[in-house]
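The values are calculated or read from the model by the stated rules, or taken from the named source; none is laboratory data. These figures come from a predicted structure and were not determined experimentally. FYI the Cβ positions are ideal-geometry reconstructions off the backbone, even for glycines, and counts take in every protein chain you see.
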Amino acid sequence: MSDKYTVEIKTQEGGPIKVLFEVLKEVLQDISIEIKRDDTISESKKEDSESKSNKGSENSSDESDESNEGSEDESDDESKEESEDESDEESDDESEDDSEDESDDESEEESNEGSDDESDEEQNEEDKKKADEEKKKRGYMRVMAVDQTKTIFIHLKLESKNFTKFHVVPPKKVIGISLPHLHRYLKSMEKDDSITFIMKQNNEHNLWIKKRNLTKKREVEDHINLIDMDKDKYKIPPASFEAVIKMPASEFHKTCREMNTIADYVEIQCVNNKLIFKCKGDEGGRTVEYEDSSQNEDSDNDDTGIVRIKHSDDDNEKKLKIVKEIYDLKNITLFNKFTNLCDDIQIFMKSKYPLVVRYSVANLGHILVVFTPVRQDNSKFNDEKELYNDKDEVEYLDD
């Protein structure tokens, strides 16, 4: 069936896919989805494979020649000695024996050559399987986009190796789709549904969506019109961060959600082994503090607590390590439902730099959400203070 399709991507993780696009539609409108399957084998691998095959055949040929030469020399010497010492009759008998020996040697050589060819074929088949596995590991579905306010950057990457089926012809396709329209077809999905995205060879203006529930023996097929999108390119250089924090996704969003009822902005501080959230509104304020007790010198291997903090290796151990910035709570709380995708999140912090939060998308891949910091003396952004504009390079941590 796959030969009728240019795209066929299937996963049993229908529930997480629904949650993912349900949240993204609140942030983005139209997106480009890049779908890629690596169909290339590096030249070095090809050359290695060919050289192995050629070397094997050459060795087989050399061995065969040496074997023939050896058998001919032995035959000549024996026949000379026999002819001097024995009668003509005995010589005739010996020559018959020699011819039988030679034919046996030839059959053995042919058998060896055949086994060598089979061995080479098996090796080539094994190399091909390994190459196919490597191709599958390197494929992905990817979305990179900035929201309309240019204060949130999204990088979603779902890896092909985690899908039940991942078929793309040619190896790379980019499709444009409206997220509100897509969500309209996904919102009726149940968490146990499998989902398959299909693009047909004879109609690449539509995307088919198949949702199947094995328990209820139900299959629903929809199709959605695709749209033309401008190709935005984001150059993403690597970045180093001053602090990396791991904590439960539910705890992070609970804290931000509750603070959003008090204030518009939150100051997030990472001070040595403590993570501190502070907010201040018209009626009051709140401070929430988490401690990484595993770094407490007074405790021996204390595993209690829900936050783990790692500072950059460049910092002096005795130096006070402080990283802090102010962020818009409204932007952070847009992603509250991502708590259904993963248990823990990673938070990457750097002073005067965007906040990067990494969520796992079930077992399919991950999404990085980048939040622009807010100037302390400004409650609104203007054109001069936006982090992202059309010519900016967006920087964040990548795998």
| message | Between a residue in the stretch 254-266 that is not assigned by TED's automatic domain parsing to the domain that holds Lys278 and any residue that is buried (at least 19 other Cβ atoms within 10 Å of the Cβ) and in a helix (DSSP H, G or I), which pairs come within a Cβ distance under 8 Å, given they are 6 or more apart or on different chains? | response | none
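Residue-wise test of (1) under 23 Å from the mean Cα position of the chain (by Cα); (2) in the same structural domain as Val27 (by TED's automatic domain parsing); (3) farther than 18 Å from Val143 by Cα.
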residue	(1), (2), (3)
Lys187	no, yes, yes
Ser194	yes, yes, yes
His205	no, yes, yes
Glu219	no, yes, yes
Lys233	yes, no, no
| query | Is at least one residue of the stretch 127-140 outside any helix (DSSP H, G or I), in contact with a helix residue (DSSP H, G or I) (Cβ under 8 Å, 6 or more places away or on another chain) and either modelled with pLDDT of 70 or more or not assigned by TED's automatic domain parsing to the domain that holds Ile367 (or both)? | reply | yes
| Where residues in the stretch 136-171 are of a type in the set (Lys, Arg) and within 15 Å of the chain's Cα centre (by Cα), which of them is farthest from Lys235 (Cα to Cα)? | Lys165
| Listing of strands (runs of 3 or more DSSP E) fully contained in the stretch 168-254 that carry 3 or more residues being of a type in the set (A, V, I, L, M, F, W, C) and surrounded by 13 or more Cβ atoms within 10 Å (Cβ to Cβ) | 194-200, 203-213, 243-248
| message | Just the residues that are more than 32 Å from the chain's Cα centre (by Cα), of a type in the set (A, V, I, L, M) and more than 14 Å from Lys330 (Cα to Cα), please, taken from the stretch 238-277. | response | Val271, Ile276
| said: Can you list residue pairs whose Cβ atoms sit under 6 Å apart, with the first residue in the stretch 344-370 being in the same structural domain as Ile332 (by TED's automatic domain parsing) and surrounded by 21 or more Cβ atoms within 10 Å (Cβ to Cβ) and the second being assigned to a strand (DSSP E or B) and small (Gly, Ala, Ser)? Count only pairs 6 or more apart in sequence or on different chains. | reply: Met349/Ala243
